[in-house]
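Comments concern the structure below.
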Amino acid sequence: MASIQLPAVVLVGRPNVGKSTLFNRVAGTRRAIVNATAGTTRDVIQQPANWRNVPFLLTDTAGMFGQSEDPLQKQVFEHGRRALEHAAVFVFIVDGREGLVPADLEIAEAVRAKGRPVIVAINKADDKRAKSGALDFYELGFDPVMEISAEHGQGIGDLLDEVVSRLPDEKSEERKAEEPEPRIAIVGRPNVGKSSLVNRILREERMLVSATAGTTRDAVDTNFRWHQRQFRIVDTAGIRKPGRVARSGAVESVSVLTAKRAIADADVVVLVIDALLGAADQDGAIAGEAERAGRSVIIAVNKWDLVKGEGPDFSKVFDDKLRFNLKFLDFAPIVHISALTGERTPKLLEVVEKVLEERTRRIPTPELNRFLQDVTAAHPMPSPGRKAVRILYAAQVGVSPPTFALFTNVTTELHFSYERFLKNRLREKFGFLGTPIRLQLRKRTH
């Protein structure tokens, strides 16, 4: 009787998309019969399962969707309907080889009406034919959409992570505690105060500080706790111009490579600028590394205690010049700090928390499409040919950084000025402070 009380994870989908194969894979058993004949499974099959110490009742709805000549199809449908009513989470399985078909849209409406979380699993994603049509499944309007191979086990762990995160389970705090610490990389030119800032945040002399440029050679990472949350902070070597690095020898070349690797591994990059010197070309190059890697960026202007008496307008003039020199970092917040005195370093950590939250923000598909309809109606997309270019449908396809797929009627190219316009409107409406935004254009094929 205990298994009846477990939250139900219900597999739905058309015949032959791989529901039974996925069921057997997750349940670790051959309970469900796998056969190429559509409608092989009649019964609603259930099996207790467990992932990361979270128990649930795995349920296969059998052949309740799709055409069938089975004389028992009415009973099959009724059993499946009852299973839908008791679902805590739906896993909606679609066939990556066949792409999106009208029957998938019908099933989408049936499960949407239940008001429960829905995860779309694109099965057979290991097949090359599945790659071209994967984005079309975002049209179903569910989030997330994941690529798996039930037969070979590809992506199953990630799928189950998403499933258990949506279950009504009292162990959610334990799962939260298991999440890896966000990584914060402190980057910048030599001698701008990176190590001093790390020491101030850690409240100990953890990093060696010297007026000699290049004191820090390794990317040194340390755990710390802030507002009941664990973080990992990484102090990197100062990144100098390539020519100067070459003249400094192999040790600094390796240090710079390590710093770049730390940027690639980070969630948030804090670019430290010297308030006395302002931004230089090399700061732009460092920031470019972070933006291309899809990392969130905060600009920390250090040594502010040495310039804040310059006049009432100094702050605005300084920030305007900084924005001009780092044009493509217009999404990055600016925080004035002093690593030496500790002034506003707590503010910097507050901004880090906010940026991490914005980095993983998801926009519901209906809200996103209403927004884009309004924006493109007021400011139509540039049309290089005779036919007007329109965004027919959009979906957020990823986070960290936020990524959006835009399905258009005639083109897969977007003019850079209109792309910038759309990103700015998205920021005005939804935020995304400190994080790059990615737009993927795709011509709708049906």
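Here's a check for you: in the range 188-206, which residue that is at pLDDT 85 or above and of a type in the set (S, T, N, Q) is most open to solvent (accessible area, probe 1.4 Å)?
In this case the residue turns out to be Asn191.
Test each condition in (1) at pLDDT below 90; (2) in a loop (DSSP other than H, G, I, E, B) for Ala279 and report the one that comes out false.
Answer for Ala279: the failing condition is (1).
If Asp319 satisfies all but one of (1) farther than 16 Å from Ala332 by Cα; (2) free of Cβ contacts under 8 Å to residues at least 40 places away in the same chain, what's the number of the condition it fails?
Every listed condition holds for Asp319 apart from (1).
Take Ile33 and tell me if it is open to solvent by 40 Å² or more (accessible area, probe 1.4 Å), over 24 Å from Leu100 (Cα atoms) and either at pLDDT below 85 or not basic (Lys, Arg) (or both).
yes
So Asp161 ticks every box in (1) over 17 Å from Pro7 (Cα atoms); (2) charged (D, E, K, R); (3) modelled with pLDDT of 90 or more but one. Which box is left unticked?
For Asp161, the failing item is (1).
Is it the case that the range 407-420 has a residue that's within 20 Å of Ser296 (Cα to Cα) and without any contact (Cβ under 8 Å) to a residue 24 or more places away in the chain?
Taking the range 407-420 and keeping what is within 20 Å of Ser296 (Cα to Cα), we get 419-420.
Pick out the ones that are also without any contact (Cβ under 8 Å) to a residue 24 or more places away in the chain and you get 419-420.
So far as the range 407-420 goes, yes, one or more of its residues are within 20 Å of Ser296 (Cα to Cα) and without any contact (Cβ under 8 Å) to a residue 24 or more places away in the chain.
Take the range 317-333 and flag every residue that is farther than 11 Å from Leu433 by Cβ and assigned to a loop (DSSP other than H, G, I, E, B). So that I can check it myself, show each step before the final result.
So the first thing to find is which residues in the range 317-333 are farther than 11 Å from Leu433 by Cβ, and the list is 317-330.
Hits for the range 317-333 are Leu326, Asp330.
If you go through the range 358-380 one residue at a time, do you hit one that is without any contact (Cβ under 8 Å) to a residue 60 or more places away in the chain, polar (S, T, N, Q), in contact with a Leu (Cβ under 9 Å, 6 or more places away or on another chain) and closer than 23 Å to Pro144 by Cβ? Don't jump to the end; show me each part of the working.
Applying the first criterion (without any contact (Cβ under 8 Å) to a residue 60 or more places away in the chain) to the range 358-380 yields 360, 367-380.
With polar (S, T, N, Q) added as a condition, the list becomes 360, 369, 373, 376.
With the extra rule that they be in contact with a Leu (Cβ under 9 Å, 6 or more places away or on another chain), the set shrinks to 376.
Checking the rest, the ones that are also closer than 23 Å to Pro144 by Cβ come to none.
For the range 358-380, residues without any contact (Cβ under 8 Å) to a residue 60 or more places away in the chain, polar (S, T, N, Q), in contact with a Leu (Cβ under 9 Å, 6 or more places away or on another chain) and closer than 23 Å to Pro144 by Cβ: absent.
Looking at the range 84-116 only, could you name the residues that are modelled with pLDDT of 90 or more and surrounded by fewer than 18 Cβ atoms within 10 Å (Cβ to Cβ)?
Within the range 84-116, Arg116 is the sole residue that qualifies.
Considering each residue of the range 228-261, count those that are at pLDDT 75 or above and open to solvent by 10 Å² or more (accessible area, probe 1.4 Å), and give that number.
Residues in the range 228-261 being at pLDDT 75 or above and open to solvent by 10 Å² or more (accessible area, probe 1.4 Å): 6 in total.
In the list Lys124, Lys128, which residue meets the criterion of being more than 19 Å from Gly398 (Cα to Cα), of a type in the set (D, E, K, R) and in contact with an Asp or Glu (Cβ under 8 Å, 6 or more places away or on another chain)? Working first, answer last.
Details: Lys128 fails: in contact with an Asp or Glu (Cβ under 8 Å, 6 or more places away or on another chain).
Exactly one residue qualifies, and that residue is Lys124.
Within the range 118-151, work out how many residues are out of contact with any helix residue (DSSP H, G or I) (no Cβ under 9 Å at 6 or more places or on another chain) and in a loop (DSSP other than H, G, I, E, B).
Going through the range 118-151, the residues out of contact with any helix residue (DSSP H, G or I) (no Cβ under 9 Å at 6 or more places or on another chain) turn out to be 126-136.
Filter once more, so that each one left must be in a loop (DSSP other than H, G, I, E, B): 126-127, 132-133.
Number satisfying all stated conditions: 4.
For a quick check of your reading: which helices (runs of 4 or more DSSP H) sit entirely within the range 334-446 and have at least 2 residues that are within 23 Å of Val268 (Cβ to Cβ) and open to solvent by 30 Å² or more (accessible area, probe 1.4 Å)?
Working: elements: 345-359, 365-378, 416-430.
Of the helices (runs of 4 or more DSSP H) lying wholly inside the range 334-446, those with at least 2 residues that are within 23 Å of Val268 (Cβ to Cβ) and open to solvent by 30 Å² or more (accessible area, probe 1.4 Å) span 345-359, 416-430.
The values are calculated or read from the model by the stated rules, or taken from the named source; none is laboratory data. Predicted model, so just to flag it, every value in this text is computed and none were measured. Cβ sites come from the backbone with ideal geometry, for glycine too, and all protein chains shown count toward neighbours. Just so you know, the surface numbers come from the protein's heavy atoms only, side chains and all, with ligands and any DNA or RNA stripped out. Shrake-Rupley method; radii C 1.70, N 1.55, O 1.52, S 1.80 Å.
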